[in-house]
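Peer 1: Structure provided below as structure tokens; questions to follow.
The values are calculated or read from the model by the stated rules, or taken from the named source; none is laboratory data. Here the structure is a predicted model, which means the values were calculated and not measured. So basically every Cβ, Gly included, is an ideal-geometry build from the backbone, and we count neighbours across all protein chains shown.
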Amino acid sequence: MSTNTSKKELLTSSNFMSKLGILTHSPRETRKVARCLAQYVDAGSVIILKGELGAGKTEFVRGFADYFGIKGVRSPSFTIINVLEDEETKLYHIDFFRIKYSEEVFLSSFFDLLEDKEAIKLIEWPEVVENFLPSETIKIEIEIIGKTKRKIKMELGDENIIKKLKSCYSIQNS
């Protein structure tokens, strides 16, 4: 593997959550990581995305949706919820950036969406709802390392998915 390709490392396993860290060097690589993850996520799953403004959370969602052939992903900061779907897949792209208090969440249809077992929920700025999310929620944190370089930290409940992600991502970058 050359120094220009992304490096993978298994961080730790604790509390029944398997962790993986992946270093990416461009938005394109960030989308590739998301496409790899999308292959292994079941309908009804909840994924939270953390990271500072400009870290690449929406770019990650763009790559995730792309796996299903869904285009046109844009940040739902003002609409709060975007429904992305095709004939076979439904994604809820939710952004709580402008929501400061958990009470405001009750005014949205968020809790109804959370019960939808047919849709995958991708939630940016999840801090106001974390206490209401299922324990098997997939956690993604994107850290800015440089201008286009990011460290993507993932926590998943399934070690097999971690192994598949490592394999998928290395194959795509070879």
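Peer 1: Yes or no: residue 100 at pLDDT below 90 and either touching a Leu at 6+ places or on another chain (Cβ under 7 Å) or part of a loop (DSSP other than H, G, I, E, B) (or both)?
Peer 2: On the way: at pLDDT below 90: yes; either touching a Leu at 6+ places or on another chain (Cβ under 7 Å) or part of a loop (DSSP other than H, G, I, E, B) (or both): yes.
Taking the combined requirement at face value, the residue satisfies it.
Peer 1: Sticking with this structure for a sec: Please verify whether the stretch 50-64 includes one or more residues that are aromatic (Phe, Trp, Tyr), modelled with pLDDT of 95 or more and closer than 25 Å to residue 135 by Cβ.
Peer 2: Filtering the stretch 50-64 down to residues aromatic (Phe, Trp, Tyr) leaves 60, 64.
If we keep only those that are modelled with pLDDT of 95 or more too, we end up with 60, 64.
After this cut, where a residue has to be closer than 25 Å to residue 135 by Cβ as well, the list is 60, 64.
Within the stretch 50-64, one or more residues are aromatic (Phe, Trp, Tyr), modelled with pLDDT of 95 or more and closer than 25 Å to residue 135 by Cβ.
Peer 1: Further question on the same structure: Do you know which of the residues in the stretch 55-73 that are among the small types (Gly, Ala, Ser) and under 19 Å from residue 29 (Cβ atoms) is surrounded by the fewest Cβ atoms within 10 Å (Cβ to Cβ)? Walk me through how you get there before you give the answer.
Peer 2: The first filter runs over the stretch 55-73 and keeps only residues among the small types (Gly, Ala, Ser), leaving 55-56, 63, 65, 69, 72.
Checking which are under 19 Å from residue 29 (Cβ atoms) leaves us with 55-56, 63, 65.
Working: 55: 20, 56: 27, 63: 23, 65: 26.
Among them, the one singled out is 55.
Table: residues versus (1) of a type in the set (S, T, N, Q); (2) surrounded by 15 or more Cβ atoms within 10 Å (Cβ to Cβ); (3) at pLDDT 85 or above.
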| site | (1), (2), (3) |
| --- | --- |
| 120 | no, yes, yes |
| 127 | no, no, yes |
| 135 | yes, no, yes |
| 151 | no, yes, yes |
| 162 | no, yes, no |
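Peer 1: Can you confirm whether the stretch 70-84 contains a residue that is within 19 Å of residue 165 (Cα to Cα) and of a type outside the set (Val, Ile, Thr)?
Peer 2: Initial filter on the stretch 70-84 (within 19 Å of residue 165 (Cα to Cα)): none.
No - not one qualifying residue is present in the stretch 70-84.
Peer 1: Just for strands (runs of 3 or more DSSP E) wholly inside the stretch 41-96: which have at least 3 residues that are of a type outside the set (A, V, I, L, M, F, W, C)? Step through it out loud before you land on a result.
Peer 2: On the way: elements: 46-50, 81-85, 90-95.
Of the strands (runs of 3 or more DSSP E) lying wholly inside the stretch 41-96, those with at least 3 residues that are of a type outside the set (A, V, I, L, M, F, W, C) span 90-95.
Peer 1: Give the residues of the stretch 126-149 that are within 15 Å of the chain's Cα centre (by Cα) and closer than 15 Å to residue 57 by Cα, sorted by residue number.
Peer 2: Listed by number, the residues that qualify are 126, 127, 138, 139, 140, 141, 142, 143.
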